[in-house]
Amino acid sequence: MAKLKLDKTKWGWWQSAVFYQIYPKSFLDTNGDGVGDLKGIISKLDYLENLGIDGIWMSPVCASPQVDNGYDISDYCAIDPMFGTLEDMDTLIAEAKKRGISIILDLVLNHCSEQHQWFQEALKGRDNPYHDYFIWRDGEPDCPPNEMRATFGGSAWTYVPELKQWYFHQFAVEQPDLNWENPEMRRELYQTIRFWVDRGVEGFRLDVIDQIGKDADKQITNNGPRLHEYLRELSAEAFKEEGLVSVGEAWGADTERAKLYSAPDASELSMVFQFEHICLDQEPGKDKWDTIPLSLPKLKQCYDRWQRELHGKGWNSLFLNNHDLPRTVSRWGNDGKYRVESAKMLATMLHGMEGTPYIFQGEELGMTNIRLDIQQHVDIETLNVYKERLEQGYDPEEVMASIHARSRDNARTPMQWTAGEKAGFTTGKAWMPLNPNHTEINAEAALADPDSVFHYYRKLIELRKSKDVFRSGSFTLLCPEDENIFAYTRDTEKEHLLVVCNFTDKTLPFDAPENFRGAEMILSNYNDGCSELLPYEAVMLYYEDVE
Ligand code: TEU
Ligand code: CA
């Protein structure tokens with residue numbers, strides 16, 4: 001079936017699109033240094049076109065000392081040499097466009113690298129014009145302005161003796177927060193966005209954008225008082241073209257705020273990544289390292305609220321994986337006996353809903369988590385929590401169990417292209433350990449197997465574009481209290497879709513609603529009827545009202 005042509009000059013094209021996230025360091029290395037690069041992405045555009053995706057969100061490739069794998073940017077308008085050159089980026093943009101694929105860059109506007117020229121200037125003195133691009137407070141060396149903690153451990157304040165001042169950083173010491181109260185700083189950021197728009201970039205993912213309105217004195221980080229004022233200005237100044245897609249990372253978003261972020265009047269962004277469904281298996285009041293079993297009814301009620309409340313008033317992103325999260329097939333699926341069935345089931349559950357789906361590299365292969373020794377870990381967040389929790393007296397085994405379940409490194413192992421010695425990722429020494437299961441989980445095998453997760457995703461993407469009910473049908477949750485089955489319907493005037501997913505390794509009875517008796521089975525991960533649901537079985541039934 002020919003790929004649906006989207007008019008990307010028009011607002012809203014992303015509502016019929018499916019996006020793919022690439023973590024460039026781990027995608028494909030073409031010069032043998034063990035690190036993925038832009039030429040690697042260019043060489044896999046046919047693979048991505050075959051999958052059927054419409055846009056690529058790339059984690060940062062701008063100049064960076066790599067303290068936080070590129071989320072510490074030292075030059076917003078330069079490509080880091082380890083990924084390639086500006087010409088490589090121009091080639092990637094052009095070659096992707098030829099295949100109907102938009103490039104969506106990851107912009108980190110909440111903070112930059114301490115190596116950025118702005119911060120280097122700011123360190124020169126209080127009267128330096130760049131000093132106020134950051135958040136400084138006078139003080140004494142042993143008394144930070146307040147008790148705020150940084151996400152990656154330690155205080156959110158670091159002292160600079162020469163200035164007798166503290167500066168604020170929500171993440172690493174090497175990632176000073178930018179001061180959005182400074183209009184000059186904001187204007188310079190907007191200029192960097194226009195630099196990339198002029199080069200043909202068609203969208204942006206905005207890192208922790210809900211934190212740009214912070215008030216460090218009041219210890220407010222996300223959802224600050226001027227947040228939506230800044231977003232409206234950002235949209236007006238930088239996202240002038242109605243076809244530019246923007247997705248904001250907003251850990252603190254609720255449905256009310258999401259309606260502001262993704263208002264159909266294009267006053268702010270196209271959509272947000274909210275994380276309510278991601279945090280459901282987190283112990284309440286604790287952080288991500290303390291998990292509780294996932295409650296399917298809670299997950300269903302969360303999705304039900306987001307689907308119903310944004311229908312016609314905003315726009316959902318749909319994701320279960322990204323570079324910060326453990327692989328979902330290991331977290332909520334079954335990465336053992338039912339890896340393939342559960343990977344397909346989770347995709348069905350997600351892609352049947354209203355919103356723009358995001359596929360994280362390797363998700364289309366059913367790639368899994370990896371168990372590493374602490375010495376093999378690379379992620380700053382993981383290494384800090386190991387150190388902090390051991391200092392706090394935690395049992396090392398317990399800490400490693402949390403890390404195996406939650407570390408961001410789970411998502412950052414090299415993409416598995418072949419069963420070969422280095423998974424076809426590099427000819428050198430990969431910067432991150434390869435998952436040993438690449439011998440059976442790899443793109444080459446998946447492309448050759450018509451029943452692979454890859455081909456299931458390809459059919460699912462094609463299906464979503466062939467029927468309007470996926471884009472605009474209303475959402476109705478069925479059997480909300482059922483602990484094992486996630487079932488819902490989508491309805492338009494004349495189209496009706498039923499999505500049924502068995503989240504367990506048990507065979508379960510399921511009675512489809514009366515109006516779906518005799519409906520066409522348009523997708524299944526078992527290719528059988530659905531009188532009963534086999535382990536991790538997922539089914540889509542569909543019918544149109546006859547005139
Ligand atoms: O992540 C925001 C963020 O808070 C996450 O790091 C989160 O705290 C944690 O990782 C949940 O698992 C964004 C980027 O996606 C992340 O990669 C960066 O490290 C972070 O911002 C700082 O730029
Ligand atoms: Ca390389």
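Among the residues here, residue 259 does not qualify as buried (at least 22 other Cβ atoms within 10 Å of the Cβ), of a type in the set (Lys, Arg), part of a helix (DSSP H, G or I) and on the phi < 0 side of the Ramachandran plot.
Given the criteria under 30 Å from residue 202 (Cα atoms) and of a type in the set (Gly, Ala, Ser), does residue 333 qualify?
Judged against the criteria, residue 333 is not a match.
For residue 211, the requirement of being closer than 30 Å to residue 145 by Cα and either under 21 Å from the mean Cα position of the chain (by Cα) or not assigned by TED's automatic domain parsing to the domain that holds residue 299 (or both) is met.
For beta carbons closer than 8 Å, sequence separation of 6+ or different chains, a first residue in the stretch 502-515 that is assigned by TED's automatic domain parsing to the domain that holds residue 482 and a second that is of a type in the set (D, E, K, R) and surrounded by 15 or more Cβ atoms within 10 Å (Cβ to Cβ), the qualifying pairs are 502/537. Hey, any hits in the stretch 321-340 for a residue that's within 16 Å of ligand 1 (Cβ to nearest atom), of a type in the set (S, T, N, Q), within 28 Å of residue 541 (Cβ to Cβ) and at pLDDT 95 or above? Yes, that holds for at least one residue. Within the stretch 42-61, the residues that satisfy the criterion of being within 18 Å of the chain's Cα centre (by Cα) and within 16 Å of ligand 2 (Cβ to nearest atom) are 58, 59, 60, 61. Among the residues of the stretch 276-294, the ones that are closer than 20 Å to residue 384 by Cβ and not β-branched (Val, Ile, Thr) come to 8 in all. If you filter the stretch 208-228 down to residues that are surrounded by fewer than 20 Cβ atoms within 10 Å (Cβ to Cβ) and touching a Pro at 6+ places or on another chain (Cβ under 8 Å), you find that the one that is nearest to residue 78 (Cα to Cα) is 215.
Being aliphatic (A, V, I, L, M) and surrounded by fewer than 16 Cβ atoms within 10 Å (Cβ to Cβ) is the filter here; which residues of the stretch 291-316 pass it? Selection gives 292, 294.
Every condition in (1) under 30 Å from residue 233 (Cβ atoms); (2) outside the structural domain of residue 420 (by TED's automatic domain parsing) holds for residue 5 except the one numbered (1).
For every residue, the table says whether it meets (1) assigned by TED's automatic domain parsing to the domain that holds residue 324; (2) among the hydrophobic types (A, V, I, L, M, F, W, C); (3) in contact with a Lys or Arg (Cβ under 6 Å, 6 or more places away or on another chain).
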{"position": "72", "(1), (2), (3)": "yes, no, no"}
{"position": "75", "(1), (2), (3)": "yes, no, no"}
{"position": "80", "(1), (2), (3)": "yes, no, no"}
{"position": "83", "(1), (2), (3)": "yes, yes, no"}
{"position": "90", "(1), (2), (3)": "yes, no, no"}
{"position": "103", "(1), (2), (3)": "yes, yes, no"}
{"position": "108", "(1), (2), (3)": "yes, yes, no"}
{"position": "127", "(1), (2), (3)": "no, no, no"}
{"position": "131", "(1), (2), (3)": "no, no, no"}
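Put simply, of 418, 368, 427 the only residue that is in a loop (DSSP other than H, G, I, E, B), of a type in the set (Ser, Thr, Tyr) and within 17 Å of the chain's Cα centre (by Cα) is 368.
Among the residues of this structure, residue 72 does not count as one that is buried (at least 21 other Cβ atoms within 10 Å of the Cβ), under 27 Å from residue 13 (Cα atoms) and among the charged types (D, E, K, R).
The values are calculated or read from the model by the stated rules, or taken from the named source; none is laboratory data. All figures in this text were calculated on a predicted structure; none of them were measured in a lab. Glycine also receives a Cβ, built like all others from the backbone with ideal geometry; neighbour counts cover every protein chain displayed.
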